[in-house]
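Read the structure below first, then the notes.
Every read-out reported here was derived from the displayed coordinates using simple, explicitly stated rules and does not represent laboratory data. No experiment lies behind these values; they were computed from the predicted model shown. Using ideal geometry, Cβ is built from the backbone for each residue, glycine included, and neighbour counts are taken over all protein chains shown.
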Amino acid sequence: MTPFWETTALADMSRSQWESLCDGCARCCLHKLQDRESGRVYFTMVACRLLDRHTCRCRDYARRTQRVPDCLVLTADNLEATDWLPESCAYQRLAAGKPLSWWHPLISGDRETVHRAGISVRGLTLPEEAVHPDDRERMIIDFNE
Ligand code: SF4
Ligand code: SF4
């Protein structure tokens, strides 16, 4: 049977389909810096304070926007405008007409493959409280290198 992400437009997916597309990489849960002139967004190694840095899961997903007001709630409506998502992001890939990668849990059937493939931020991050905001510039990482 053809999987739902190949037959259903992002805008037509159910909530559970949409949520299942997230590969659990947590790249989007890192603090980001934006260049004032170019507008380019850079990821840093600094994790959001709600991120479980080992499982790469939000520790309070249901109340995340109350606890972290600038947490992004990604939808089909704001996906195009959210141009800073990493190239590996499943939403980004499908929107660009690309298939899901082998390590995506929906393909592999295993939530660990995103970690084993080195796509998730497991082992890469520093806790928010350990890094002064002025030092974040020195913590930039580029996932597309
Ligand atoms: S970058 Fe995309 S796939 Fe990865 S955690 Fe964020 S929304 Fe999910
Ligand atoms: S609040 Fe949760 S989902 Fe939002 S950025 Fe932080 S860890 Fe990620």
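With 118, 123 as the choices, which residue is outside any helix (DSSP H, G or I) and more than 15 Å from ligand 1 (Cβ to nearest atom)? Let's see the steps before the verdict.
Numbers: 118 fails: more than 15 Å from ligand 1 (Cβ to nearest atom).
Exactly one of 118, 123 is outside any helix (DSSP H, G or I) and more than 15 Å from ligand 1 (Cβ to nearest atom), namely 123.
Of all residues in the stretch 77-98 being part of a helix (DSSP H, G or I) and of a type outside the set (Ser, Thr, Tyr), which is nearest to ligand 1 (Cβ to nearest atom)?
Among those that are part of a helix (DSSP H, G or I) and of a type outside the set (Ser, Thr, Tyr), it is 90.
From the list 36, 27, which one is in contact (Cβ under 8 Å) with a residue 60 or more places away in the chain and either out of contact with any helix residue (DSSP H, G or I) (no Cβ under 9 Å at 6 or more places or on another chain) or hydroxyl-bearing (Ser, Thr, Tyr) (or both)?
Among 36, 27, only 27 is in contact (Cβ under 8 Å) with a residue 60 or more places away in the chain and either out of contact with any helix residue (DSSP H, G or I) (no Cβ under 9 Å at 6 or more places or on another chain) or hydroxyl-bearing (Ser, Thr, Tyr) (or both).
Please find, within the stretch 19-47, the residue that is farthest from ligand 2 (Cβ to nearest atom) out of those that are exposed (fewer than 15 other Cβ atoms within 10 Å of the Cβ), of a type outside the set (Lys, Arg) and farther than 22 Å from residue 109 by Cβ.
Looking at the filtered set, the residue picked out is 37.
Which of the residues that make up the stretch 10-24 are part of a loop (DSSP other than H, G, I, E, B) and either touching a residue at least 24 places away in the same chain (Cβ under 8 Å) or under 15 Å from residue 92 (Cβ atoms) (or both)?
Listed by number, the residues that qualify are 13, 21, 22, 23, 24.
I'd like to verify a number: residues in the stretch 33-62 that are over 12 Å from the mean Cα position of the chain (by Cα) and in a strand (DSSP E or B), how many?
8
Pick from the stretch 11-46 the residues that are within 12 Å of ligand 1 (Cβ to nearest atom) and among the aliphatic types (A, V, I, L, M): which of them is nearest to residue 141 (Cα to Cα)?
In this case the residue turns out to be 30.
Filter the stretch 72-95 for residues that are within 13 Å of ligand 2 (Cβ to nearest atom) and surrounded by fewer than 16 Cβ atoms within 10 Å (Cβ to Cβ); which is nearest to residue 17 (Cα to Cα)?
Top of the filtered list is 73.
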